[in-house]
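Taken together, the values in this text are just the output of simple stated rules run on the coordinates, not laboratory data. Quantities reported herein were computed from a predicted structural model and do not represent experimental measurements. Glycine gets a Cβ as well: all are built from the backbone with ideal geometry, and neighbour counts include every protein chain shown.
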Amino acid sequence: MKRFGLLVLASLFLFAVPAAAAEVPADPRVAAAVAAWKSTPLYVDPLYNSVDTTGVVERVASAQVPVYVALLPTGTWFQEKGDTVRLAGWLAVSNGKPGLYLVVDDYTVVGATHLVAASTYGTTYATKDESLAGRVGDYLDSVRFDDRYDKDPARTAALPVEPEASYDDDDDRFTVKSAIGNSLGGLTLGLLGGALLALPVLGLAALVAHRRGGRP
């Protein structure tokens, strides 16, 4: 019975891994970063070879969880379509290790947690002439580590598309005709209301005039 249970768990694992990996498209940036992380927590794309990386490895080594940093080009013209958190998720799932995954470009640091109890700030922005180590440190300082957070896997799927507002209901649609109709209706109600308010005043004035006219 125990052997059967182990076989079931092994089968579930074998089916679960391809399912997770299937959500990650083939991307040379991801493959290069994962290969580099086997020996160092910092990967630098050839585009950023001139960037000073002094102190980055030492800074991430002091974090509460494993941190993997990838200095990569990203943007709307890549497969993630500007969704850098999703790119960080691809990196995390492809690497297969729990931790905090940071994607760094010229101006931003974007992170995603993977199977660790932490909450990320989202995106931090570089200040003028700030070093790479300083930028990574600023992001790490913004991360909240707490056991009350769920150890969820990083997001690898696209965000759901927000439905556009519908204006199919003719009653709610703004048109010139409806605007004129509403204006005339308001004017009519205003005139009627004014007339009703004026009646008591006119009646009182007529009564006073009648009494004055009937004096000897």
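Considering only the other residues whose Cβ falls under 14 Å of the Cβ of Ala118, what net charge follows from Lys and Arg at +1 and Asp and Glu at -1? Could you put the intermediate results ahead of the total?
Values: positive: Arg144, Arg148, Lys151; negative: Asp141, Asp146, Asp147, Asp150, Asp152.
Local net charge: -2.
Highest mean first, how do 96-103, 130-137 rank when packing is the count of other Cβ atoms within 10 Å averaged over residues?
Numbers: 96-103: 21.6, 130-137: 18.5.
My ranking of the peptides, most packed first, is 96-103, 130-137.
Two decimals is fine: what is log10 I(q)/I(0) at q = 0.23, 0.24, 0.26 Å⁻¹ for segment 68-145, from a Debye sum with one equal scatterer on every Cα and no solvent?
Results for segment 68-145 at q = 0.23, 0.24, 0.26 Å⁻¹ read -1.08, -1.16, -1.30.
According to a simple spin-label model (label point 7 Å from Cα along Cα-to-Cβ), what is the distance in nm between Asp138 and Glu162?
The answer from the label model is 2.7 nm.
For segment 18-122, state the average projected area of the convex hull of the C-alpha atoms over all orientations, rounded to one decimal in nm². Intermediate results must be reported in sequence, preceding the final value.
Numbers: hull surface 26.8 nm².
Averaging across all directions leaves 6.7 nm² for the Cα convex hull.
If amide hydrogens are placed 1.01 Å from N in the peptide plane, which non-local residues have theirs closer than 5 Å to the one on Val44?
For Val44, whose amide H was placed from the backbone, the distant partners under 5 Å are Leu71.
Apply the Karplus parameterisation 6.51 cos²θ - 1.76 cosθ + 1.60, with θ equal to phi minus 60°, to every residue of segment 88-102 and state each ³J(HN,Hα) to the nearest whole Hz, in sequence, with x for glycine and proline.
4, x, 4, 4, 5, 5, 5, 6, x, 10, x, x, 10, 10, 10
So what J values fall out for segment 39-48 if you push phi through Karplus, 6.51 cos²θ - 1.76 cosθ + 1.60 with θ = phi - 60°, rounded to Hz, Gly and Pro as x?
Going residue by residue, I get 10, 8, x, 10, 10, 10, 5, x, 4, 10 Hz, with x marking Gly and Pro.
So what is the relative contact order for segment 53-158, in percent, with contacts set as C-alpha pairs under 8 Å and at least six apart?
Answer for segment 53-158 is 29 percent.
For a protection proxy built on the mean count of beta-carbon atoms within 10 angstrom, sort 86-92, 145-151 highest first, please.
Values: 86-92: 26.3, 145-151: 10.4.
My ranking of the peptides, most packed first, is 86-92, 145-151.
Quick one: Karplus J couplings for segment 108-121, per residue in order, coefficients 6.51, -1.76, 1.60, θ = phi - 60°, nearest Hz, x for Gly and Pro?
Running phi through 6.51 cos²θ - 1.76 cosθ + 1.60 with θ = phi - 60° gives 10, 10, 10, x, 8, 8, 9, 6, 10, 7, 7, 10, 8, 6 Hz.
What order do you get for 105-117, 152-164, 42-54, 69-81 when each peptide is scored by the mean count of other beta carbon atoms within 10 Å, highest first?
On the way: 105-117: 20.1, 152-164: 11.6, 42-54: 14.2, 69-81: 17.6.
Answer by packing, highest mean first, reads 105-117, 69-81, 42-54, 152-164.
Would you please give the residues with an amide H less than 5 Å from that of Ala154, counting only those at least 5 places away or on a separate chain, with H modeled from the backbone geometry?
The list, which skips near neighbours in sequence, is Leu115.
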